[in-house]
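Reading through the structure tokens given below for one structure.
The values are calculated or read from the model by the stated rules, or taken from the named source; none is laboratory data. Model, not experiment: these values are computed from the prediction. No Cβ is skipped: glycine too gets one built from the backbone with ideal geometry, and neighbour counts run over all protein chains shown.
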Amino acid sequence: MITPFGKSLRNIRMDRGMLLKDMAQDLDVTSSYLSAVEVGKRNVPEEWPRKIGKMYDLSDEEIESLEAAATASASQIKLDLSDATNESRELAVAFARRFNDLTPKDQNEILTLLKNRRPNT
């Protein structure tokens with residue numbers, strides 16, 4: 001099943017009359033890898049929305065939409081905890097373990113807290 005990100009990529013390709021193999025070549029990946037990203041068998045590489053935006057001269061709004069589609073298409077995330085404090089590790093693991101048990105209210109409160117958080121504070 002095609003993901004939101006995959007739909008966005010297909011629209012970009014179709015608007016430009018490109019084939020999957022053409023975009024794959026531009027991204028320096030195989031056609032099968034790009035197809036796997038489109039259908040959600042592989043996660044969207046973090047740098048792709050901006051890279052694709054620059055590569056295909058997308059507007060800031062189009063890039064933001066592509067980033068949102070990438071987020072909506074994620075089936076899993078990877079967190080590098082190699083430089084994390086013990087408290088940060090504990091937080092990350094506790095969140096992961098209890099993620100599926102969070103109520104919509106809990107989710108909203110956490111999301112609001114994180115969105116309102118200023119960098120380095």
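Worth a mention:
- For region 1-43, residues that are in contact (Cβ under 8 Å) with a residue 40 or more places away in the chain and in a loop (DSSP other than H, G, I, E, B) total 2.
- Scanning region 57-78 turns up no residue that is touching a helix residue (DSSP H, G or I) at 6+ places or on another chain (Cβ under 6 Å), modelled with pLDDT of 95 or more and more than 29 Å from Ala92 (Cβ to Cβ).
- Region 36-94: number of residues that are more than 23 Å from Ala24 (Cα to Cα) and of a type in the set (Lys, Arg): 2
- Of the set (1) in contact with a helix residue (DSSP H, G or I) (Cβ under 6 Å, 6 or more places away or on another chain); (2) more than 21 Å from Ala74 (Cβ to Cβ), all apply to Asp15 but (1).
- Any chance Glu109 is part of a helix (DSSP H, G or I) and surrounded by 11 or more Cβ atoms within 10 Å (Cβ to Cβ): yes
- Region 82-100 residues that are surrounded by 12 or more Cβ atoms within 10 Å (Cβ to Cβ), paired with ones that are not in a loop (DSSP other than H, G, I, E, B) (beta carbon under 9 Å, 6 or more apart): Ala84/Leu91; Ala84/Ala92; Phe95/Ile110
- Which listed residue is within 25 Å of Pro4 (Cβ to Cβ), among the basic types (Lys, Arg) and in a loop (DSSP other than H, G, I, E, B), from Lys115, Lys78: Lys78
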